[in-house]
Amino acid sequence: MDISQITKQLQESISKADNEEALQQVRTDYLGKKGQLTELLKQLSRLPPTERSSQGAALNQLKIQATQDINNKAGLLSQQKMDAELLQDTTDISLPKYGRERGSWHPINTVRKRIENIFNSAGYETVLGPEIETDYYNFEALNFPPQHPARSLHDTFYFSDGRLLRTHTSTGQVRAMETKEPPLAIICPGKTYRCDYDATHSPMFHQLEGMLVDKDVKFTDLKGTLQQFINTFFGREMQLRFRASYFPFTEPSAEVDLLWEIKSSGKKETKWLEVLGCGMVHPNVLKSGNLDPTKYSGFAFGLGIERMAMLYYGIDDLRLFYENDIRFLSQFA
Ligand code: PHE
């Protein structure tokens, strides 16, 4: 067979093949096991030696060329196919996306974590306690004897069996002393409950208790710790005022006010805002925790997480935290 004739035929078949199956057929017809070129190569051995080498070289050259041409055409066809598909594709990329909005942390949890991180990095361990408590941990072990008038300040939710919803996180104090040895540095964050509801009070709110018990803990340690915490939390030097107060479980006791700048109608005003309660752990409370008050002393403080969050974010109504309005919450994402 005339090689130039086959070459011509082959070129025609390749250019006629207008889809991948047709091209595959051409490949089989010429290069397959029983393809024309394969057959010719097999017949080479029957040729006289003089013709064999020149014919063989020409056939091999043709085979290489054919393979290359078919591959090129395959590339072209697949490119054409893709172009056609892209033209057909009717995806409208201007349509609004669907799927869910990404959630985010509640601002109360963000602020709680922020406070926890500050104390954790100073070596305070986070401990948690139950929200349903006994009278013992909420009151009695904290030096509120039965009938003590301070109990009435707490507007407690009671269960019929005498248990209660903890009114403060100070319940963590004696629980911590029961399970840990001094030096003891803990924070106890969580939900607390009191029967109260208006723009600044919610029946459920969050507190964070802190306590340090060791030998020779002094009131100045408490002052320094709180000053440093408040500065770190707000990211600047803040002015604090310690005002003498009363809690059954601390002696002496203080309430801490923060000097807060308010901008009202262009004018800058300052105001003292109460942010936490604190004091030196009362000897009776150390005794509840099986510690000898002649050997150990400690300080404790309790702060309202909502109050800190309101100041931090500039929110003026506490109730916004509990309405779960996405428009409010998504601002803190
Ligand atoms: N438990 C007190 C309250 O809820 C706050 C407090 C905690 C005061 C620790 C002193 C020491 O108001």
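Computed from the coordinates by the stated procedures, all read-outs in this text should not be read as laboratory data. As the structure is a computational prediction, the values presented were derived from the model and not from experiment. Backbone-built Cβ (ideal geometry, glycine too); neighbour counts: all protein chains shown.
Put the Cα centre of region 280-295 next to the Cα centre of region 42-61 and the gap is 109 Å. Highest mobility in the GNM of the chain, judged by mean-square fluctuation with C-alpha springs under 10 Å and restricted to Ser152, Ser54, Ser202, is found for Ser54.
Evaluated with a Cβ-only charge set (Lys, Arg +1; Asp, Glu -1), region 3-88 carries a dipole of roughly 500 debye about its Cα centre, given to the nearest 20. Per-residue extension of 0.36 nm, minus the Cα-Cα distance of Lys287 and Asp161, leaves a gain of 42.7 nm for this segment.
Can you tally the net charge around Leu31? Count Lys and Arg as +1, Asp and Glu as -1, for every other residue whose Cβ sits under 12 Å from the Cβ of Leu31.
That sum, taken over residues with Cβ under 12 Å, equals +1.
The peptide list 23-32, 264-273, 298-307, put in order of mean Cβ contacts within 10 Å with the highest first, becomes 298-307, 23-32, 264-273. Please work out the FRET efficiency for the pair Asp18 and Glu51, using the Cβ-Cβ distance as r and a Förster radius of 41 Å; give the result to the nearest 0.05. That pair, Asp18 with Glu51, gives E of 0.65.
Extension gain for the segment Gln68 to Asp2, taken as residue separation times 0.36 nm less the Cα-Cα distance, is 21.7 nm to one decimal. The magnitude of the dipole of the chain, with charges of +1 and -1 set on the Cβ of Lys/Arg and Asp/Glu and taken from the Cα centre, is near 880 debye. Take the Cα of Leu41, step 7 Å toward its Cβ, do the same at Asn120, and the gap between the two points is 7.0 nm. For the listed peptides 143-151, 217-225, a ranking on the average number of other beta carbons within 10 Å per residue, highest first, reads 217-225, 143-151. Protection proxy ranking, highest mean first, for peptides 100-108, 226-234, 170-178: 170-178, 226-234, 100-108, where packing is the per-residue count of other beta-carbon atoms within 10 Å, averaged.
If contacts are Cα pairs under 8 angstrom and at least 6 residues apart, what is the relative contact order of region 127-178 in percent? RCO, region 127-178: 50 percent. Taking the charge dipole of the chain about its Cα centre, with +1 at Lys and Arg Cβ atoms and -1 at Asp and Glu Cβ atoms, the residue from Phe139, Ile118, Gly298 reaching farthest to the positive side is Ile118.
Across region 13-69, the mean sequence separation of Cα contacts (distance under 8 Å, 6 or more residues apart), normalised by length, yields a relative contact order of 24 percent. Which values of log₁₀ I(q)/I(0), to two decimal places, follow from the Debye formula for region 11-137 at q = 0.12 Å⁻¹ with a uniform point scatterer at every Cα? Relative scattering, expressed as log10 I(q)/I(0), comes to -0.74. When both region 203-241 and region 7-23 are represented by their alpha-carbon centers, they are found 85 Å apart. Percent relative contact order of the chain, based on C-alpha pairs within less than 8 angstrom and at least six residues apart? This gives 15 percent for the chain. Potential lengthening of the chain between Glu178 and Thr200 amounts to 4.5 nm, from the contour at 0.36 nm per residue minus the alpha-carbon distance.
Of Asn72, Ala57, Leu31, which is farthest on the positive side of the dipole of region 3-88, counting Cα position, with +1 on Lys and Arg Cβ, -1 on Asp and Glu Cβ, and the Cα centre as origin? With unit charges placed on the Cβ atoms, the residue in question is Ala57.
Only the Cβ atoms of Lys and Arg (+1) and of Asp and Glu (-1) were treated as charged; on that basis the dipole of region 158-267 about its Cα centre amounts to roughly 260 debye. Modelled label positions at Lys215 and Tyr313, each set 7 Å beyond Cα in the direction of Cβ, lie 4.6 nm from each other.
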